[in-house]
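The structure appears below as structure tokens.
The values are calculated or read from the model by the stated rules, or taken from the named source; none is laboratory data. Predicted, not measured: the structure shown is a model, and the values here were computed from it. When we count neighbours, we look across all protein chains shown, and the Cβ atoms used for this are built from the backbone with ideal geometry, even at glycine. Heavy atoms of the whole protein, side chains included, go into the accessibility calculation; ligands, DNA and RNA do not. Shrake-Rupley method; radii C 1.70, N 1.55, O 1.52, S 1.80 Å.
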Amino acid sequence: MPEPTKKEENEVLAPAPAPTPEEPNKEKEAGTSPGKDEEDASPPVALPPGLGSRALERKDSEWSIGESPAGEEQDKQNANSQLSTLFVEKPQGGSVKVGENITFIAKVKAEDLLRKPTIKWFKGKWMDLASKAGKHLQLKETFERHSRVYTFEMQIIKAKENYAGNYRCEVTYKDKFDSCSFDLEVHESTGTTPNIDIRSAFKRSGEGQEDAGELDFSGLLKRREVKQQEEQPEVDVWELLKNAKPSEYEKIAFQYGITDLRGMLKRLKRMRRVEKKSAAFARILDPAYQVDKGGRVRFVVELADPKLEVKWYKNGQEIRPSTKYIFEHKGCERIMFINNCVLTDDSEYYVTAGDEKCSTELFVREPPVMVTKQLEDTKAYCGERVELECEVSEDDANVKWFKNGEEIIPGPKSRYHIRVEGKKHILVIEGATKADTAEYSVMTTGGQSSAKLSVDLKPLKILTPLTDQTVNLGKEICLKCEVSENITGKWTKNGLPVQESDRLKIVHKGRIHKLVIANALVEDEGDYVFTPDAYSVTLPAKVHVIDPPKINLDGLGDDNTVTVIAGNKLRLEIPISGEPPPKAIWSRADKAIMEGSGRIRAENYPDSTTLVIDIAEKDDSGVYHINLKNEAGEAHASIKIKVVDIPDPPVAPNVTDVGDDWCVMTWEPPVYDGGSPILGYFIERKKKQSSRWMRLNFDLCKETIFEPKKMIEGVAYEVRIFAVNAVGISKPSMPSKPFVPLAVTSPPTLLTVDSVTDTTVTMKWRPPDQIGAAGLDGYVLEYCFEGTDDWIVANTELIEKTKFTITGLPTDSRIFVRVKAVNAAGASEPKYYSQPILVKEIIEAPKIRIPRHLKQTYIRRVGEAINLVIPFQGKPRPELIWTKDGAPIDKNQINIRNSETDTIVFIRKAERSHSGKYDLQVKVEKFVETASIDIRVIDRPGPPQLVKIEDVWGENVALSWTPPRDDGNTAITGYTIQKADKKSMEWFTVIEHYHRTSATITELVIGNEYYFRVFAENMCGLSEDATMTKESAVIAKDGKIYKNPVYEDFDFTEAPMFTQPLVNTYAVAGYNATLNCSVRGNPKPKITWMKNKVAIKDDPRYRMFSNQGVCTLEIRKPSPYDGGTYCCQAVNDLGTVEIECKLEVKVVAQ
């Protein structure tokens, strides 16, 4: 990336702001001190304006090229003060090392923007970086839809030293503009202390650059060995350039360290122009003057007319006489003296006489800062505070410190601190370490000094050594030592580093070091060593952990009983503990059990002891003793061993009751329970003809009774029992006697009275819902007279039918009736008739039950069959009479079939003549019941009567027709329209299911001739024939002209009206305030803001917005003067409206 260069600036520069008190300390320029008065001082050297600039700027450890003079920046800020602010996040300056990457980010809010804003990145004042994008520079932009923010990024990849400098980001959108400047510093990754003349770093840059005369320390850090420059007499480079050939310009610039050759050549070009002869000045100012800091300079012009008034200016501001600025008149000469020149006097000056002026530039040189007291070699011990001190020739001079050639940059977390006391500069190192041993150097603009610092360790004495410890298990271990120095160290155990945990803590307080272990474990035993850091001394100690023996019987239960199954091997492992491992001895009845290979033996291990019985026998039951012993103590315990077996099988079970799919069985417990209580029983069953037994319960049956279920009715079964104890399951019992599950049927259903006479009652019923495997042999009908409980069997033998008549009953008696179903398992539960039955014939009035679908008109098509069943009631058997439309029915055409409970009307093939109203009359003695049924036989309709062409226009034909004469005995549901080209006479359907009697046929082909026909349609379908138009319709090429209707425009105009008024507002001085209101109107009204009845125009302190009718006035950083009455006025062609509010600005006390 090339360095930025400067555009040519105007001759007259804007006035620069007054320097802050810190600026004189930051500005450093080469030069010598001037004399006390004008006669003794050396004459000022006139230099061309291009040889230097007026602004210096210090930026941490880098000295970089600036953008523009402070005056120009101020003018630019004033010029842009009325522009809108677009940035919501501005790029910030940063620093990066050579070869690393850095990214600058700018964010722009897009809420009020209709399109993407334009952004540009610059280096310096004019270099556009868009053309430099590539390997080392990348530009990126993104848009976040949710937050509506544009993000612009500039990434510099593998930065180089010449990338350092000032950068600028500009964003524009229509008439809005915003910009932001930021700095980039590039640090050298490594370097050594330079050994060159510091004055060689003073360089003048081009015209108007801020860092003119800056120190460029990057040049000092890059070079390793540079010979000390010899002092040379001062040379007027400007005179050399004016007298040299153009081909020698670059050589002269390189020889004398000129970095801005282009700026000098521009000034040289202007110098060579033939200036017009001045009418006011006989002699003008020299192009440039040079003076040492603190010196005195003399500006002289000679007037052609001594009566002309002369005014002196500095950076555009008039100079008034004072002790610093002295004016003298000597004839036609006008002289201005500047006493005690400082760096802020380095500026542009001009003098005016009448309408003419002449200008010059003054360059103030600063004398180099010399090292008056050199650094001294120093020795120190680790942890001490070290101070390296030197003195320079100037107070508060700019001094740089280096360690082994690398610059020391102090910070809040750094151990390096720099203290300045007038001319003294002190480097303070807190808590010195051996890593601080190095060569330290100090550098000024006029010299340097270096010294060596040596940091060694203090001799270490052991005040309290570590001691060996023996502790009980679970107690605290504390290893403590004390040394003569407050230093850190490392703890090791058996040669491995010790890691801190919740149980192990390492404590360091001053010179005391502790290792504390809470709840000592066996693993904590070992050799511990403490080694102080940076010393070869070690402090060892041994830790021995002991523990009394313990027997862990937690897994054996409360009574310490162990149960073993006879014939099995018992291996009883008892956990033990103790340090050192205890010796275990087993015994039974005062007889020790030895270790070996016997059937009963003991086995001992460091953390357990085991009793082994290979094949357990019943006699092995008893109490066994354990004795433990070590150097820390003894322990005793007793264990009871019980040998158990499976129980004997139970006796064969008895089946006491049988059902359809279940039975009840009982049994007796076994004689011998195996030495363990019986826990329960398992039950199995099988079919008699099968050998496969099936388990009936998976959970133990605790009782000696069980009810097997889900057996197949009619199949023979056997059952058997297993006894279960804690040891296992016994052998099965003998099977029970075979049994067959059978069940009676369920009760009969729907017992009803069929008929009653004076001496008989006829009952009927339905078979049982469940009959079962035993089948159904027949039924038994029983009755009893009301008031008695004696049931009399009506049928002496079983009957298979579900209907029976009870005879021989006395007239007017009342009886109860019940029926039972009988099979091989017996009689079922009886089914009772719900109420007593009176033995007497009863007349039942007739009643016709018309089906629901016959209560409305019954519709059938021609040729379909008609079969109507109409139920009725009545006793004795009623008389039925059918009529059609009031006349008797012709039985040759319509068949009538009657029964005791219903009548049937049957027509094999319906015709339209069968349509009509059918009446049914039912008579029982004097009681009569009637009902009517409407039957309609329908057919397809006839064609429409007449189809006419009403009109033909364009590609359209209007048709109309009359309904058909025959509608098929049902309503017309629609029409189907077809068209046919006269040439082919092929018919195509245009419209289907059309309900009106007129239609418009569209999209006809121009130039063709069409015929049309129409079918009628009802619920039976389309008519067999269609009616066609007599004449054809010709679609002419020239159609009728369609005239669009004329509509009057709606008047949307509206006088302006405020929909949201202004409200009185309080603002805080120094913080932006806004006034808001909303207005509507058509045409869009013109908005004018007024303060105290005076229109606000071209005032940079106010910003006015109008968006979608919302009007906003923004007052930037108001003061109490900005308080008052504000008015918003809206004007359009229909009227004017105003609204006011009051603004009060309050000053917050500091």
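Screening LEU750 with (1) within 18 Å of PHE816 (Cα to Cα); (2) crowded, with 18+ Cβ neighbours inside 10 Å gives one miss only, at (2). Would you check if THR989 is among the polar types (S, T, N, Q), exposed (fewer than 13 other Cβ atoms within 10 Å of the Cβ), touching a residue at least 40 places away in the same chain (Cβ under 8 Å) and farther than 30 Å from LEU1075 by Cβ? No. Candidates PRO412, PRO368: the one that is over 30 Å from VAL351 (Cα atoms), at pLDDT below 90 and surrounded by 19 or more Cβ atoms within 10 Å (Cβ to Cβ) is PRO368. Candidates in the stretch 123-148 are the residues that are small (Gly, Ala, Ser) and open to solvent by 60 Å² or more (accessible area, probe 1.4 Å); of these, the one that is farthest from ILE102 (Cα to Cα) is SER131.
Scanning the stretch 123-145 for residues that are closer than 15 Å to LYS158 by Cα and not in a strand (DSSP E or B) yields LYS132, ALA133, GLY134, LYS135, HIS136.
A Cβ distance below 7 Å, combined with a sequence gap of six or more or placement on separate chains, defines the contacts here; from the stretch 859-876, residues that are within 30 Å of VAL924 (Cβ to Cβ) and without any contact (Cβ under 8 Å) to a residue 40 or more places away in the chain reach residues that are open to solvent by 60 Å² or more (accessible area, probe 1.4 Å) and hydroxyl-bearing (Ser, Thr, Tyr) in the pairs PRO871/THR901. Taking the stretch 753-777 as the range and being among the hydrophobic types (A, V, I, L, M, F, W, C) and surrounded by fewer than 16 Cβ atoms within 10 Å (Cβ to Cβ) as the test, only VAL753 passes.
This table checks each residue for (1) part of a strand (DSSP E or B); (2) out of contact with any Pro (no Cβ under 7 Å at 6 or more places or on another chain); (3) surrounded by 17 or more Cβ atoms within 10 Å (Cβ to Cβ).
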position	(1), (2), (3)
LYS116	no, yes, no
TRP121	yes, yes, yes
TYR150	yes, no, yes
TYR167	yes, yes, yes
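Considering GLU361, GLU376, the condition of being within 25 Å of THR445 (Cα to Cα), part of a loop (DSSP other than H, G, I, E, B) and touching a Leu at 6+ places or on another chain (Cβ under 9 Å) is satisfied by GLU376 alone. All conditions in (1) open to solvent by 40 Å² or more (accessible area, probe 1.4 Å); (2) modelled with pLDDT of 90 or more; (3) of a type in the set (A, V, I, L, M, F, W, C) hold for PHE927, with the sole exception of (2). Name every residue in the stretch 880-904 that is open to solvent by 60 Å² or more (accessible area, probe 1.4 Å), within 19 Å of PRO851 (Cα to Cα) and not acidic (Asp, Glu), in order of residue number. Those that are open to solvent by 60 Å² or more (accessible area, probe 1.4 Å), within 19 Å of PRO851 (Cα to Cα) and not acidic (Asp, Glu): ILE881, ARG897, ASN898, THR901. Scan the stretch 824-840 for residues that are of a type in the set (Lys, Arg) and either closer than 13 Å to MET763 by Cα or at pLDDT 90 or above (or both) and the total you get is 1. Does ALA821 satisfy being at pLDDT 90 or above, surrounded by 12 or more Cβ atoms within 10 Å (Cβ to Cβ) and assigned to a strand (DSSP E or B)? Yes, satisfied. Scan the stretch 93-113 for residues that are open to solvent by 60 Å² or more (accessible area, probe 1.4 Å) and over 29 Å from the mean Cα position of the chain (by Cα) and the total you get is 4.
Taking the residues in the stretch 689-711 that are touching a residue at least 24 places away in the same chain (Cβ under 8 Å) and closer than 14 Å to CYS663 by Cβ as candidates, determine which candidate is surrounded by the fewest Cβ atoms within 10 Å (Cβ to Cβ).
Among them, the one singled out is LYS710.
In this entry, ASP758 passes the filter for residues that are over 30 Å from ASP657 (Cα atoms), part of a loop (DSSP other than H, G, I, E, B) and touching a Ser or Thr at 6+ places or on another chain (Cβ under 9 Å). In the stretch 1055-1089, the residue that is most open to solvent (accessible area, probe 1.4 Å) out of those that are within 30 Å of ALA1149 (Cα to Cα) and outside any loop (DSSP other than H, G, I, E, B) is TYR1066. When the residues of the stretch 492-507 are filtered to those that are of a type outside the set (D, E, K, R) and in contact with a Phe, Trp or Tyr (Cβ under 9 Å, 6 or more places away or on another chain), which remaining residue is surrounded by the fewest Cβ atoms within 10 Å (Cβ to Cβ)? If we take residues in the stretch 492-507 being of a type outside the set (D, E, K, R) and in contact with a Phe, Trp or Tyr (Cβ under 9 Å, 6 or more places away or on another chain), then PRO497 is surrounded by the fewest Cβ atoms within 10 Å (Cβ to Cβ).
Of the strands (runs of 3 or more DSSP E) contained entirely in the stretch 570-648, those carrying at least 3 residues that are surrounded by 13 or more Cβ atoms within 10 Å (Cβ to Cβ) and not hydrophobic (A, V, I, L, M, F, W, C) fall at 570-579, 583-588, 600-605, 608-613, 622-630, 633-644. Within the stretch 780-799, the set of residues being under 19 Å from ARG766 (Cβ atoms), β-branched (Val, Ile, Thr) and out of contact with any Gly (no Cβ under 8 Å at 6 or more places or on another chain) comprises just one member, VAL780. Among all positions in the stretch 669-684, there is at least one residue which is open to solvent by 30 Å² or more (accessible area, probe 1.4 Å) and among the acidic types (Asp, Glu). Of the residues making up the stretch 413-446, just one is acidic (Asp, Glu), in a strand (DSSP E or B) and within 20 Å of GLU384 (Cβ to Cβ), namely GLU439. Within the stretch 905-916, if we keep just the residues that are surrounded by 14 or more Cβ atoms within 10 Å (Cβ to Cβ) and touching an Asp or Glu at 6+ places or on another chain (Cβ under 8 Å), the residue that is nearest to ARG852 (Cα to Cα) turns out to be GLY916. Only a single criterion out of (1) touching a residue at least 24 places away in the same chain (Cβ under 8 Å); (2) open to solvent by 30 Å² or more (accessible area, probe 1.4 Å); (3) within 59 Å of the chain's Cα centre (by Cα) is not satisfied by ALA397, namely (2).
Of all residues in the stretch 944-966, those that are farther than 13 Å from THR976 by Cα and free of Cβ contacts under 8 Å to residues at least 40 places away in the same chain have Cβ atoms under 9 Å from Cβ atoms of residues that are acidic (Asp, Glu) and open to solvent by 30 Å² or more (accessible area, probe 1.4 Å), 6 or more apart or on another chain, in ASP966/ASP939.
This table checks each residue for (1) closer than 30 Å to ILE517 by Cβ; (2) aliphatic (A, V, I, L, M); (3) at pLDDT below 90; (4) in contact with a strand residue (DSSP E or B) (Cβ under 7 Å, 6 or more places away or on another chain).
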{"position": "ALA438", "(1), (2), (3), (4)": "no, yes, no, yes"}
{"position": "THR445", "(1), (2), (3), (4)": "no, no, yes, yes"}
{"position": "PRO465", "(1), (2), (3), (4)": "yes, no, no, yes"}
{"position": "ILE487", "(1), (2), (3), (4)": "yes, yes, yes, yes"}
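Do the conditions hold for ILE842, that is, is it more than 60 Å from the chain's Cα centre (by Cα), without any contact (Cβ under 8 Å) to a residue 12 or more places away in the chain and open to solvent by 50 Å² or more (accessible area, probe 1.4 Å)? Criteria not met by ILE842.
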